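Okay, structure first, notes after.
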Amino acid sequence: MQPLEYILAGMQAVIFGPAAFELLGVPIPLTLVMVFAGVVTGILVGATPGLAGPMAMAISLPILISFFGYNVEALLPVLGFLIGIMKGATLGGAVPAILFNTPGTPDAYMTTLDGYPLTQRGQSRKALKVAHLSSVSGDTFSDIALFVCAPFVALMVERHLDFPEKTALLILSLSFIAAVIGGSPGKGLISVALGLIAVFIGGGEDFYPRLSLGTDALAGGFSIMTAILGVLIVGAVLKEYEDLWHRSNLSGARERIVDHGDQRLTRAEVLRIAPYIGQSSLVGTIIGALPGIGTTLAAALGYQLGRARYVRRRPEGAPAFGEGAIEGVAATEAANSSVSGSNLIPVLGLGIPGNAAAVFIILATDSIGGFTPGPSVFRFSESVVNTELVLVFGLFTAMLFANLVNWTFGGAFMRAATVMVRVPKRTLLPVVLLLTFTAVYAQEPSMESLWFTLGFGILGYLMRKVDMSPLPFVIAFVLGGSLENSARQAFSATGGDPYFLFSSWISIIFLAGSVVTVVLALRQKRTNSTRA
Amino acid sequence: MYRLNIYIGSGAVLFALVGLFLWVPQDTGTGLVVQVRRQVTIGDAFAPTIAFSLMAIGGALLLIEQRQHTSIKVPLAPFLHTAALVAVIAFGLLLMRHAGPGLLFVAEGFGGTDTEYRLLRETFPWKYIGYFLGGVTMIGGMASLSAGRLQARTALIAVAVTMGLIALVDVPFDDLLLPPNGDY
Amino acid sequence: MKKFLAFGAIALGYSIAATASLAEDWTPPGPITMHIAFPPGGGSDSQARLIAEELETRYGWTITPQNTPGKAGLIMAKEMQGAPADGTVFGIGISEALDYGMADGTADMTPDDVTPIVTTTLAEVAFVVPASKGWKTFDDFVAAAKAGAPLRVGAITPKIADVTYLMGKEAGIDMNITMVKGGRGMLNALYAGDLDAGFVAGAHSKGVKAGELVELVSGMSRKLSLTPDAPLLGDLGVPYNLDIYFMYFGPKGMDGAAQATLAQSISEIVLDESTKAGALLKANFGGGEAISGEELQAFIDSSFASAKELMQAASE
């Protein structure tokens, strides 16, 4: 097949794939229905304080898989739903930030700075419109970057990287993640190390399951679901509860502000914010493509750059950044939304996840057969059909459709999602917990796995408590197996060369890069704290 | 965070030392490298050794990171609150696991049919007993603990939500098992 | 070749039918847990799930499939220890778990600690190279290995690695044997040029048909169906083979009636190409092969003995 035929086949896999139901005699494709449902779920979840997109992805993944099965036909509907959540949640996150000054997700914090002042001035609907426009534009831009870049990254990797270089690349990714997340390379490394130790328990090539302390419980190792859902969700629930306890003395009554004045977004205003959207989209896309740097940094950087630009071009009498400038909302929302597409470049090209959302995309493809993210996906083979490549284009089609849903219905759903802000956390959090246990049990039906999940939850709580990001733990847990495998393979394939990591310039550069990132992060930390 | 970082850093280094010199060497089937089929390959101890070394490096870095001399106090009370939450969750899990078989045991004591929970685990009402009681305990217990009081409304919500989850998970999905029915 | 297999299958079907009267009146006393020794997704997992589905529709039993992967099936075998022997717990894995997996004693189990039920198919194991290398026969491969640097050869299980090693030793060549994860991992590494060759267990047939891969040696005790001219391991002086069956087994001391009923009902499904499971086996492995009873026990006993010898030979 020719490249163009692959693209068409991918679109057909979505549109002429299995139908969910018929509407007036027209079959409605299942994948599109799932994408739509995912976007709606995502907006609702994003708008609910205390919930985040990755949580919803984590809980729905085992249930979706049990429903759709492990066969390759399940891939597009399941991934469609997950990607819908991912995209919807970034949009929904802006809702409580703008209306109630409480960010639904951490990356929406910057949105409160200008969004809430707009609400106080009676312009909340306008602020939501700006957020919608910027968020969806940024997202679409990022997706296009993904479609263009991923195949090239993959082909480069396939052409130039052998086992040793692949090992070095994994080391680079992990040290990068350890160094940049959370602002403390020491804690980042500890988090990575904990993830690696956890995944190495029970594994190995020998018949004796290593580090199992001779117990049967540890012999099978910790499953990826117990570790990740435990640290990410149960840990977050415990920490949230503690924060609730801290805040219990504060009264929760919120003043209601009624909108007044023109809520329309004029053409002139759209033109005014367009450069901010463009600038932030570029920043967010670049940040997204690097593993480990999250949406929060993208939002902060987008906001800073937007402010710098605004200082020079602020129109007469317009509010400054932080006082309710629509440019401020646009700059943040475009930046944090444009992370999600380019985030999948390392996922699809290398099989390396860069953030929590990407972890669940990897987990979905791991569980469902017939698709292994990595360079081999992008073989444009002509004699036989590379079904994985068809699936990639199917996935891209689903992403475009999700954007379409966001463009058309997203604004209305955002306004409707306002009700979610009123859901009381106190009851919501234990429901999330029970749902998590149920989802883990669906995937791995033994009480042992629930106890492990609780154990990892306590670990996640303690990590959050001491300001140690759990994300390096999660990514190390996901990549640990591949890291050990590729090191073993590199060592055997080079005939037992102990210096295999230094056998080529590429891997030496990768290794040097990983040392440099840690050292730089450490130096920056030192300068920052002396200044403070 | 001055004091805290020192505690974490030294704890990490200590844990790493235990791992490197006790746990890994004692508890792996093959050493760092192993000779199989006249070929040297990486053994099972290699990867954990690297992981514990990273742990040691991370701990050491944390100790040398510039210390801010403002010690943030970590009060004990929130920990106790969270410990109580964990206890509620653990109690819920125990109920989930043992309520069904326990009730069957009691029923047999009163002259019910002599059978095993294993064989009843797919029949109503046995298959829901553990999940229902455990779920209600978890939701109701955590919400009440956090609010500091018991309310009928909370209990009602807990019952409704748990029943909703059963309807959501067990009814449409044939192969999905509710806890603890997969343990048999 | 195919005809012969089909004939064998029919003959087996009859031999099972003969014991049917004994089995007819067994029904499971409760819901069944069916362990699957493979990770979810992929052909081996689908095979098991489709068989479970068909058993449910045919007999109205309640079966819950559960993935219990790890250590080439040993983790599942361990799970069987202490499980109820009334036929409500059994699982599907590969025969290598029972022979090679238990041969060196570290697993603290022997094949006698489980009850073999029935095989579903024999994996089509072949020594495969990418067509781009230009090697048409095993001799070409050996010549290339002698001419240049040691070639990189992948192996997906320790048993396969041992056989690969002995094969190289017989041919007088050095190979760097590298463990890879599953057939999929092997194929990716072959396509990417990271590996030069390796034994694959069926996942390669599509690539062979497309002319991207070439089969050089049959790993089984019989000829390859796609490349019947390829030599057997015995022809190359290696006195072992890689006959790897997908098979069901249950806990030790399993109820005889349960064992016989399960063997019969599962074999009927895997030999019937009109079922989804049968069709899948046909497409991936050339068809189902159901061996049970004494014949299966004899196969396991002999391959357990030969696995011990293989381990010994490969460590010399």
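The values are calculated or read from the model by the stated rules, or taken from the named source; none is laboratory data. Model, not experiment: these values are computed from the prediction. Quick reminder, even Gly has a Cβ in these numbers, built from the backbone with ideal geometry, and neighbours come from all protein chains shown. Just so you know, the surface numbers come from the protein's heavy atoms only, side chains and all, with ligands and any DNA or RNA stripped out. Shrake-Rupley method; radii C 1.70, N 1.55, O 1.52, S 1.80 Å.
Is one or more of the residues making up region B:24-33 β-branched (Val, Ile, Thr), modelled with pLDDT under 95 and touching a strand residue (DSSP E or B) at 6+ places or on another chain (Cβ under 6 Å)? Quick ask: steps written out before the conclusion?
Our first condition is that a residue be β-branched (Val, Ile, Thr); within region B:24-33, this holds for B:24, B:28, B:30, B:33.
Adding the requirement that they be modelled with pLDDT under 95 leaves B:24, B:28, B:30, B:33.
Imposing the further condition that a residue be touching a strand residue (DSSP E or B) at 6+ places or on another chain (Cβ under 6 Å) reduces the set to B:33.
Looking for residues that are β-branched (Val, Ile, Thr), modelled with pLDDT under 95 and touching a strand residue (DSSP E or B) at 6+ places or on another chain (Cβ under 6 Å), one finds at least one in region B:24-33, hence yes.
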| request: Would you tally the residues in region A:72-88 being open to solvent by 10 Å² or more (accessible area, probe 1.4 Å) and under 12 Å from residue A:60 (Cβ atoms)? | output: 2
| Being modelled with pLDDT under 95 and of a type in the set (Val, Ile, Thr), is that true of even one residue in region A:486-504? | yes
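Listed here are the residues, each with its yes/no results for (1) at pLDDT below 90; (2) at the interface with another protein chain (Cβ under 8 Å from one of its Cβ atoms); (3) open to solvent by less than 10 Å² (accessible area, probe 1.4 Å).
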| position | (1), (2), (3) |
| --- | --- |
| A:171 | no, no, no |
| A:176 | yes, no, no |
| A:189 | no, yes, no |
| A:196 | no, yes, yes |
| A:228 | no, no, yes |
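Out of C:316, C:289, I need the residue that is free of Cβ contacts under 8 Å to residues at least 24 places away in the same chain and acidic (Asp, Glu). Which one?
Exactly one of C:316, C:289 is free of Cβ contacts under 8 Å to residues at least 24 places away in the same chain and acidic (Asp, Glu), namely C:316.
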| note | Flagged in region A:376-392 as of a type in the set (D, E, K, R) and at pLDDT 85 or above, in numbering order, are A:388
| query | What is the number of the single condition among (1) facing another protein chain (nearest Cβ under 7 Å); (2) modelled with pLDDT of 90 or more; (3) in a helix (DSSP H, G or I) that residue A:211 does not meet? | reply | (3)
| task | Enumerate the helices (runs of 4 or more DSSP H) found wholly within region A:443-532, keeping only those where 1 or more residues are in contact with a Pro (Cβ under 6 Å, 6 or more places away or on another chain), within 24 Å of residue A:60 (Cβ to Cβ) and within 9 Å of chain B (Cβ to nearest Cβ). | result | A:447-465
| Of A:304, A:279, A:263, which residue is surrounded by fewer than 17 Cβ atoms within 10 Å (Cβ to Cβ), out of contact with any strand residue (DSSP E or B) (no Cβ under 9 Å at 6 or more places or on another chain) and modelled with pLDDT of 90 or more? | A:304
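When you look at residue B:133, is it open to solvent by 60 Å² or more (accessible area, probe 1.4 Å), in a helix (DSSP H, G or I) and more than 10 Å from chain A (Cβ to nearest Cβ), yes or no?
When the stated conditions are applied, residue B:133 passes them.
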| task | Kindly indicate whether residue B:92 is open to solvent by less than 40 Å² (accessible area, probe 1.4 Å), touching a Lys or Arg at 6+ places or on another chain (Cβ under 8 Å), modelled with pLDDT of 90 or more and at the interface with chain A (Cβ under 10 Å from one of its Cβ atoms). | result | no
| task | Name, by its number, the condition in (1) open to solvent by less than 40 Å² (accessible area, probe 1.4 Å); (2) modelled with pLDDT of 85 or more; (3) more than 9 Å from every other protein chain (Cβ to nearest Cβ) that does not hold for residue B:170. | result | (2)
| field | Failed item, numbered, when residue A:163 is tested on (1) surrounded by 20 or more Cβ atoms within 10 Å (Cβ to Cβ); (2) modelled with pLDDT of 90 or more | value | (2)
| If you go through region C:165-193 one residue at a time, how many are in contact (Cβ under 8 Å) with a residue 40 or more places away in the chain and open to solvent by 10 Å² or more (accessible area, probe 1.4 Å)? | 8
| task | Of the numbered conditions (1) surrounded by fewer than 20 Cβ atoms within 10 Å (Cβ to Cβ); (2) modelled with pLDDT under 90; (3) more than 12 Å from chain B (Cβ to nearest Cβ), residue A:423 fails exactly one; give the number of that condition. | result | (3)
| query | In region C:18-66, which residue that is within 14 Å of chain A (Cβ to nearest Cβ) and modelled with pLDDT under 80 is nearest to residue A:74 (Cα to Cα)? | reply | C:41
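Taking the residues in region C:62-103 that are assigned to a loop (DSSP other than H, G, I, E, B) and in contact with a helix residue (DSSP H, G or I) (Cβ under 6 Å, 6 or more places away or on another chain) as candidates, determine which candidate is farthest from residue C:157 (Cα to Cα).
Going through region C:62-103, the residues assigned to a loop (DSSP other than H, G, I, E, B) turn out to be C:62, C:68-70, C:81-88, C:98-99.
Narrowing the set further to residues that are in contact with a helix residue (DSSP H, G or I) (Cβ under 6 Å, 6 or more places away or on another chain) leaves C:68, C:87, C:98-99.
Numbers: C:68: 17, C:87: 30, C:98: 13, C:99: 13 Å.
For region C:62-103, the residue satisfying everything is C:87.
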| remark: Filtering region B:27-44 down to residues that are under 12 Å from residue A:484 (Cα atoms) and either in contact (Cβ under 8 Å) with a residue 24 or more places away in the chain or more than 7 Å from chain A (Cβ to nearest Cβ) (or both) yields B:43
| query | Taking residue B:139 and the conditions (1) more than 10 Å from chain A (Cβ to nearest Cβ); (2) open to solvent by less than 60 Å² (accessible area, probe 1.4 Å); (3) within 19 Å of the chain's Cα centre (by Cα), which numbered condition does it fall short on, given that it satisfies the others? | reply | (1)
| field | Hey, residue B:156 over 30 Å from residue A:465 (Cα atoms), surrounded by 13 or more Cβ atoms within 10 Å (Cβ to Cβ) and free of Cβ contacts under 8 Å to residues at least 40 places away in the same chain or not | value | no
